[in-house]
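The values are calculated or read from the model by the stated rules, or taken from the named source; none is laboratory data. Everything quoted here is computed from the prediction, not taken from an experiment. Note that we place each Cβ from the backbone using ideal geometry, even for glycine, and neighbour counts take in every protein chain shown. Calculation scope for accessible area: heavy atoms of the full protein, side chains included, ligands and nucleic acids excluded. Shrake-Rupley method; radii C 1.70, N 1.55, O 1.52, S 1.80 Å.
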Amino acid sequence: MRKGQGRLLAIEAAALVLLLAAPRFFERGTLNDIWNVAFAVILASAWNLLGGLAGQVSIGYSAFIGIGAYTTALLSLAGWHPYATLPVSALLAAAFSFVVGLPTFRLRGPYFTIATIGVSEAVRVVASGVSFTGGSSGLRMPAGSFHFLRDYSAMVILAVSVVALAAWIQASRFGAALRAIRQDIDAAEALGVNSTKYKLLVHALSAAIVAVAGSLFAINFQYISPNSVFDFRLSLSIVLMPIVGGLGTVAGPVLGALLFGYLQIKLLSSPALRDSYLFLYGGMLILVMLFEPKGLLGLYHRLRGAVTRSGARTVPDAG
């Protein structure tokens with residue numbers, strides 16, 4: 001194991017222990033905030049596998065959240081234990097990602113992005129119009145399916161596991177192939193990388209992760225509707241978090257999710273600012289694109305390099 005990987009593993013283990021111990025020291029409101037941040041970390045890190053590593057910018061990931069949430073709600077109402085539905089949610093989302101990916105991955109650049117928006121909106125419209133999903137009224141989870149400490153633990157364990165998985169993929173041959181596709185898809189294919197296969201695989205993996213997070217969302221909130229889980233604004237937020245934090249890195253999506261989660265909590269606490277979060281996020285995106293395309297992580301490395309160079313220049317001459 002490399003030194004850097006060992007350090008990251010130790011950090012993740014320590015974070016998991018601290019998060020699981022948090023209910024002993026914090027009140028319910030703080031734990032809710034941690035739950036929301038963990039949810040954001042999962043979504044940002046999962047999307048980053050496709051959008052950051054492979055360079056395929058999808059703005060339709062709310063479709064996978066909705067698939068997971070509705071799968072859990074419908075099966076729970078049919079008598080399943082809510083947590084027994086998680087593998088089914090993951091499999092259905094992965095299967096749907098193949099259905100979507102086979103035609104859309106033939107497109108490149110903005111055409112692929114626009115196609116994913118259309119797919120997401122189509123799924124939302126269908127969910128709003130059919131009766132078995134409850135239509136626009138949505139669905140409520142069965143009584144007795146809520147247990148906050150269990151649901152909190154499941155979300156933080158998933159968040160830490162997803163970050164660990166992202167780190168492993170970054171260092172693997174799979175991650176190297178994805179980065180080659182992002183840099184130059186034609187050159188990657190000339191070197192023997194089957195771009196369609198790799199894009200489909202990473203799309204399925206990230207969709208399955210997001211769907212499980214959607215299932216946990218349904219279990220925790222006990223109510224879902226098309227406008228809550230298929231919301232286009234949610235898809236935009238998922239994309240913006242890794243971009244602001246640092247695209248194509250392990251720590252970047254985590255930083256972006258921490259920032260977005262904190263801002264979301266503060267904005268929701270103020271009725272006057274409750275609906276202005278996308279305006280604020282858009283402003284942050286503009287600042288990142290203009291001044292630091294590598295996001296918060298890039299800004300950190302730039303400042304660290306400047307401090308190091310400044311320290312080296314101020315070292316007194318030995319003579």
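Can you work out the base-10 log of I(q)/I(0) for segment 37-139 at q = 0.10, 0.11, 0.13, 0.18 1/Å, using the Debye formula on its C-alpha atoms alone?
Evaluating at q = 0.10, 0.11, 0.13, 0.18 Å⁻¹ gives log10 I(q)/I(0) of -0.31, -0.38, -0.53, -0.96.
Quote the FRET efficiency, to the nearest 0.05, computed for E189 versus F26 with a Förster distance R0 of 45 Å and r equal to the Cβ-Cβ distance.
0.35
For segment 85-148, run through the trypsin sites (Lys or Arg not before Pro) and keep only the ones in DSSP coil with at most 10 other Cβ atoms within 10 Å of their Cβ.
On the way: sites: R106, R108, R124, R140; in loops: R106, R108.
For trypsin sites (Lys or Arg not before Pro) across segment 85-148 that sit outside H, G, I, E and B with at most 10 neighbouring Cβ atoms in 10 Å, the list is empty.
How fast does the chain diffuse by Stokes-Einstein, in µm²/s, taking the Kirkwood radius from C-alpha pairs at 20 °C and 1.002 mPa s?
Answer from the Stokes-Einstein relation: 104 µm²/s.
In segment 1-77, which chymotrypsin sites (Phe, Trp or Tyr not before Pro) fall in coil by DSSP and have 13 or fewer other Cβ atoms within 10 Å?
Those that pass, being in a loop and sparsely packed, are F25, F26.
Full-extension gain between I157 and A78, please, as 0.36 nm times their residue separation minus the C-alpha to C-alpha distance. Please report the intermediate quantities before stating the final value.
Numbers: separation 79, 0.36 × 79 = 28.44 nm, distance 2.68 nm.
Full extension of this stretch gives 25.8 nm more.
Note down the relative contact order for the chain as a percent, whole number, built from C-alpha pairs under 8 angstrom at least six residues apart.
Averaging sequence separation for qualifying contacts and normalising by length gives 30 percent for the chain.
Using a Gaussian network model of the chain with C-alpha springs under 10 Å, which one of A78, A13, A154 is most mobile by mean-square fluctuation?
A78
What residues have an amide H closer than 5 Å to that of Y223, excluding those fewer than 5 places away on the same chain, when H is modeled at 1.01 Å from N in the peptide plane?
Excluding prolines and chain starts, which carry no amide H, the hits are M141.
GNM on the chain, C-alpha springs below 10 Å: top fluctuator among N220, N194, N48?
N194
Residues of segment 56-85 with the amide nitrogen closer than 11 Å to a label point 7 Å from the Cα of V130, along Cα-to-Cβ, please.
Residues passing the 11 Å test: 71.
If you build the Cα gyration tensor of segment 59-99 and take the root of 5 times each eigenvalue, what three semi-axes come out, in whole angstrom, biggest first?
Values for segment 59-99, descending: 19, 10, 7 Å.
Rounding to the nearest 10 and keeping the result within 0 to 90°, find how far the Cα-based axis of helix 110-129 lies from the longest principal axis of the chain.
30
How much length, in nm to one decimal, is gained on full extension between A10 and E121, taken as 0.36 nm per residue of separation minus their Cα-Cα distance?
Taking 0.36 nm per residue and subtracting the Cα distance, the gain is 35.9 nm.
Restricting things to Cα coordinates, could you compute the convex hull volume per residue of segment 13-92 in Å³?
Dividing the Cα hull volume of segment 13-92 by its residue count gives 138 Å³.
With runs of 4+ DSSP H residues as the only contributors, calculate the mean residue ellipticity of the chain at 222 nm using -39,500 (n - 2.57) per run, divided by the residue total and rounded to the nearest 500.
-24500 deg cm²/dmol
Can you give the net charge of the other residues whose Cβ lies under 9 Å from the Cβ of A54, counting K and R as +1 and D and E as -1?
Summing Lys and Arg as +1 and Asp and Glu as -1 gives +3.
Any idea of L299's accessible area? Nearest 10 Å², probe 1.4 Å.
70
Can you tell which of A78, N36, P293 lies farthest toward the positive end of the dipole of the chain, using +1 and -1 charges on the Cβ of basic and acidic side chains (Lys, Arg; Asp, Glu)?
P293
How big is the Cα convex hull of segment 10-60 in projection, averaged over all directions, in nm²?
4.6
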